[in-house]
Amino acid sequence: MSSMRRVLLLCALLSGAAAACRVTTTERLAPPEAVHVEHGSAARSWNVSREGAVIGRVVLFEAEERPEAPVFMVQNEVGQDLGMIDGLGRAWRYRPHQREAEWVGTGTVAEGAALILGAPLCELEEIPLSSALEAAQRR
C-alpha cells in the first residue's frame, strides 16, 4: 500500500473517531405561560456571628401565596446575597460567573448559613427587621 493511501486511511479513521466524541447541549427557555412569579416580603432577620464578630445576616422572606415555603437569604456583612436556604433546609451558595447555585449541604438555618459563609460554629441572633433594612440602605 502506498504511503499516500496510508495517510488517507489514517485521516479517515481519525476524523471518524473525532466525530464520535462531539457533545451537543440544547437549552430551551420556558414559555411565558409556564412561568409563575411569586411575591413576598422580608419577615424576620438575624445577625450571623462568629467569636463575637458579625460576619453576615440571614433574612427570612415569606411568599404571599405560599407562606409554608419560606426562603432564607444569606448575606455577607455588607449586605450582598451569597446564597439561600429553602424551607427544607437545603443550602445553596451562589458562585461568581455560574448560572446555577451550588448545593453546599442540608441542615438547620444556622448550619446552612455557616456553610454558605464558610464559617463553622457560627451563631444566629435575631435582630429587628427594621435594623437590617436600615443597614442595607446605608450601604
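Within the stretch 45-91, track down each residue that is under 13 Å from the mean Cα position of the chain (by Cα) and of a type in the set (D, E). Correct list: D81, D86. Of all the listed residues (S41, S2, S15), the sole one being at pLDDT 75 or above and either of a type outside the set (F, W, Y) or closer than 30 Å to G118 by Cα (or both) is S41. Among the conditions (1) surrounded by 12 or more Cβ atoms within 10 Å (Cβ to Cβ); (2) modelled with pLDDT of 90 or more, the only one that H97 does not satisfy is (1). One residue stands out in the stretch 18-38 among those that are at pLDDT 70 or above and either in contact with a helix residue (DSSP H, G or I) (Cβ under 7 Å, 6 or more places away or on another chain) or among the small types (G, A, S) (or both): the one that is farthest from P70 (Cα to Cα), namely A30. Would you pick out the residues in the stretch 48-71 that are buried (at least 19 other Cβ atoms within 10 Å of the Cβ) and either part of a loop (DSSP other than H, G, I, E, B) or outside the structural domain of V37 (by TED's automatic domain parsing) (or both)? Selection gives nothing. Which one of these is within 21 Å of A119 (Cβ to Cβ), outside any strand (DSSP E or B) and in the same structural domain as A110 (by TED's automatic domain parsing): V74, V78? Among V74, V78, only V78 is within 21 Å of A119 (Cβ to Cβ), outside any strand (DSSP E or B) and in the same structural domain as A110 (by TED's automatic domain parsing).
The values are calculated or read from the model by the stated rules, or taken from the named source; none is laboratory data. Note that this is a predicted model, so its numbers are computed, not measured. All Cβ positions, even for glycine, are placed from backbone atoms using ideal geometry, and neighbour counts span all protein chains on display.
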